[in-house]
1. Could you work out how far the C-alpha centroid of the stretch 237-281 sits from that of the stretch 30-101, in angstrom?
2. Could you tell me whether the stretch 110-154 comes out rounded, prolate or oblate from its Cα gyration tensor? Rule is a ≥ b ≥ c as square roots of the eigenvalues, rounded for a/c under 1.5, then prolate if a/b exceeds b/c, otherwise oblate.
3. What is the set of long-range amide H partners of SER305 at a cut-off below 5 Å, with H atoms built 1.01 Å from backbone N?
4. Go through ASN315, GLN201, GLY81 and say which Cα lies farthest out towards the positive end of the charge dipole of the chain; charges sit on Cβ, +1 for Lys and Arg, -1 for Asp and Glu.
5. About its Cα centre, how strong a charge dipole does the stretch 9-115 have in debye, to the nearest 20, once Lys and Arg get +1 and Asp and Glu get -1 at the Cβ?
6. Would you mind getting the accessible area per residue of the chain, heavy atoms of the protein chains only, 1.4 Å probe, in Å²?
7. Assuming R0 = 30 Å, can you tell me the calculated FRET efficiency for the pair LYS170 and ASN203, based on Cβ-Cβ distance, to the nearest 0.05?
8. So, in nm, how far is label GLN77 from label SER310 when the simple model puts each one 7 Å beyond its Cα toward the Cβ?
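The values are calculated or read from the model by the stated rules, or taken from the named source; none is laboratory data. This is a predicted model, so every value here is computed, not measured. Reconstructed Cβ throughout: ideal geometry from the backbone, glycine too, with neighbour counts over all protein chains shown. All accessible areas refer to the heavy atoms of the entire protein, side chains included, with ligands and DNA or RNA removed. Shrake-Rupley method; radii C 1.70, N 1.55, O 1.52, S 1.80 Å.
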Amino acid sequence: MLAPRSTSAWTPGPILGIETSCDETAASVLATDGSVLSNVITSQHAVHQRFGGVVPELASRAHIESIEQVSSEALRQAGLGWPDLSGIAVTQGPGLVGALLVGVNYAKALAYALNIPIVGVSHLEGHIASAWLQDPSFPLPCVVLVVSGGHTHLYLKDPLGHCRLLGATKDDAAGEAFDKGAQMLGLEYPGGPAIDCLARQGNRQAIAFPKSQLKKGSLDFSFSGVKTSLLYTVQAMPEQLRISQSADLAAGYQEAIVTILVEKAFAAVQACNAPALAVVGGVSANSRLRQLLQQRADSAHIHLSLPPLSYCTDNAAMIAAAGRQALRAGVRASFDLDAQASMAAPFAQAM
Ligand code: KG4
Ligand code: ZN
């Protein structure tokens with residue numbers, strides 16, 4: 001097995017994070033103390049928009065075209081040169097395998113050329129790490145709700161940084177429900193931001209959608225009922241009516257999804273007697289979700305971490321942050337590091 005030349009002691013210094021798991025090519029540099037020096041993201045939305053979703057082969061090609069430029073720009077904005085880097089963190093999975101391979105191979109080539117250690121990071125662990133990017137002293141234990149295009153997972157993160165799964169979606173992820181709902185309403189990809197935007201002009205009480213709680217006390221989620229309900233509602237409407245009521249439909253549909261998320265997140269906080277809640281992942285950018293979470297956290301006196309929007313959707317600062325924890329804990333990848341399309345989160349490392 002070919003290993004990086006400097007595998008043993010790691011001299012802490014700036015870290016480059018690289019993220020290419022889906023349709024964003026991102027690179028970020030963290031300073032030695034973990035603060036974010038740069039966070040560069042190139043979105044491929046324009047490439048995929050006319051297909052209504054991400055086309056894996058086009059995603060890989062777009063990553064290849066932009067990864068060098070995005071990484072150089074992250075260094076430039078950080079005011080550093082390649083020799084200043086002390087380590088590289090790259091998303092290893094889960095994600096689109098062709099897209100992941102671009103980041104992993106680029107990162108391995110860089111680590112080899114610069115003779116610095118490299119670690120592969122779970123995308124999920126990256127999202128979780130984003131909750132501590134702005135405030136590294138945000139308290140533990142903490143309930144963490146990860147809501148993205150592929151995940152709706154509730155964890156309890158203990159004071160040692162270990163995560164325990166409390167609940168997860170039984171069917172669609174919340175982001176998927178947003179994206180599929182947007183398609184039914186004839187909105188553009190990506191659907192979550194489109195529904196968020198349209199819902200601001202609508203009446204969230206005009207059209208009610210079911211809020212599935214599953215069985216009493218369960219911390220699992222289900223979004224298939226609300227999605228099917230939107231489908232039937234839209235199919236039963238003449239096109240003109242659907243168009244004229246699209247803002248109310250978006251507002252009601254969004255309200256059902258975010259209510260489920262808020263209810264379950266605070267049920268978990270209560271069940272674990274946790275003083276803090278962090279909500280991360282692309283859907284945490286949703287304006288109505290943020291509003292409800294903040295109101296509820298204020299009235300229950302719960303510490304709430306809602307990362308700024310640039311850390312909610314896919315970014316490389318979160319990957320660098322998770323990688324920094326791993327490097328500090330002595331984790332090193334070999335040059336056999338490979339992309340893993342369905343990688344499970346190895347939640348064993350301490351913060
Ligand atoms: O974390 P992320 O960027 O990528 C994944 O790891 O999946 O999350 C993407 C998901 C998409 O489903 C997108 O529609 C959703 O996050 N999203 C939103 C908003 N912004 C992004 N959903 C609702 N409201 C938003 N403002
Ligand atoms: Zn993500």
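1. Using only Cα atoms to place each centre, the spacing works out to 30 Å.
2. On the way: a/c = 3.55, a/b = 1.70, b/c = 2.08.
Here the stretch 110-154 falls in the oblate category.
3. LEU277, ALA278, VAL279
4. Among ASN315, GLN201, GLY81, the one farthest towards the positive end of the dipole of the chain is GLN201.
5. Numbers: 4 positive and 9 negative charges, 24 e Å.
In debye, rounded to 20, the stretch 9-115 gives about 120.
6. On the way: 14690 Å² over 351 residues.
Spelled out: the 1.4 Å probe surface of the chain, per residue, equals 42 Å².
7. Details: r = 30 Å, r/R0 = 0.99.
Given R0 = 30 Å and the Cβ-Cβ separation, E is 0.50.
8. In this crude spin-label approximation the distance works out to 0.5 nm.
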